[in-house]
Amino acid sequence: MASLRRLLTILFFLFSLTTVASAQMNIEDIRLDNEDGFTSVLGLAYTFDQGNKAQHELEGSAVFGYETPRHLVFLIGENDYAEVNDVKNSNDGKIHLRYNYKIVKHWNWEAFSQWEYDEFRLIESRELLGTGIRWEKFFTGNFAFACGLSYMYEIERFDEDIVGQADLFDHRMSSYVATRIAIHHYADLVLSGYYQPMLTKWGDWKAIGDGDLIFKLTKNVHFTVSLSMTYDSGPPTSVKELDLSIINGIRVHF
């Protein structure tokens, strides 16, 4: 009982540090769960502030997946919209589809596609199509580790009136490592990092890092505290290279 009280204390301390509600999904939270059958996860968050700062923010996400001992397929959709003092300051979303096929023990072939947009990073649309190899192992003691290497074709379309540059068509490598650790009966830690250099220009690279601390309030309701980082070595003019956020939210599993 004392350990549960300590866990709840940590949860509310972390909650007090976060300022943005989020329903974001880390795909490794789904893939390293290792449970067969249908999976659906819904997340919805709304932030309202009134006074010196009038803020409205709505985020939603949904995951639908199916897993057998040899096959895994899932679809993720996310959207975020926010206004502060009646001025829009966030508008982005994405759809991600991925399929894994187990070749032999620990080794998987995977294919994926993604479409996304981000108004404040000046991305009208970003389209991905890729395929590669994934190695994963589920250890005793509730620990899982995975890494992967893929080829990825990327198309980025910008608003030329704002950015002043043509669309980009790039061939990239996508490599990643990920782990899931059960740090308590009621809490998991999921970490993942992606490195995506252009194959024809290695100095042009992107990186994505996600860390999720997942508290299991009940079997089906989870509270999450997340650190998310996105880096682009060659963003459009006037766009910063690094985006960093600390976010929290509620997820409902069905």
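The values are calculated or read from the model by the stated rules, or taken from the named source; none is laboratory data. What you see is a predicted model, and the numbers here were worked out from it, not measured in a lab. Because the Cβ atoms are built from the backbone with ideal geometry, glycine has one as well, and the counts that use them run over all protein chains shown.
Remarks
- Scan of the range 212-231 for residues that are of a type outside the set (Ser, Thr, Tyr) and in contact (Cβ under 8 Å) with a residue 40 or more places away in the chain, ordered by number: 212, 213, 214, 215, 223, 225
- Across the range 183-223, the qualifying residues are those that are aliphatic (A, V, I, L, M), within 21 Å of residue 248 (Cα to Cα) and surrounded by 15 or more Cβ atoms within 10 Å (Cβ to Cβ), and the one among them that is nearest to the chain's Cα centre (by Cα) is 208.
- Taken together, the residues in the range 27-43 that are in a strand (DSSP E or B) and either within 21 Å of residue 145 (Cβ to Cβ) or polar (S, T, N, Q) (or both) amount to 2.
- Which numbered condition residue 153 fails, given (1) closer than 17 Å to residue 231 by Cα; (2) without any contact (Cβ under 8 Å) to a residue 40 or more places away in the chain: (1)
- Looking at 121, 126, 98, just one residue is within 26 Å of residue 169 (Cα to Cα) and within 15 Å of the chain's Cα centre (by Cα), and that residue is 98.
- Note on the range 206-243: residues that are outside any loop (DSSP other than H, G, I, E, B) and charged (D, E, K, R) amount to 6.
- Qualifying residue in the range 154-165 (condition: part of a strand (DSSP E or B), farther than 22 Å from residue 43 by Cβ and either modelled with pLDDT under 90 or among the polar types (S, T, N, Q) (or both)): yes
- Every residue from the range 55-79 that is over 19 Å from residue 133 (Cβ atoms) and modelled with pLDDT of 85 or more: 61, 62, 63, 64, 65, 66, 68, 75, 76, 77, 78, 79
- Test for residue 150: is it assigned to a strand (DSSP E or B), of a type in the set (S, T, N, Q) and modelled with pLDDT under 95: no
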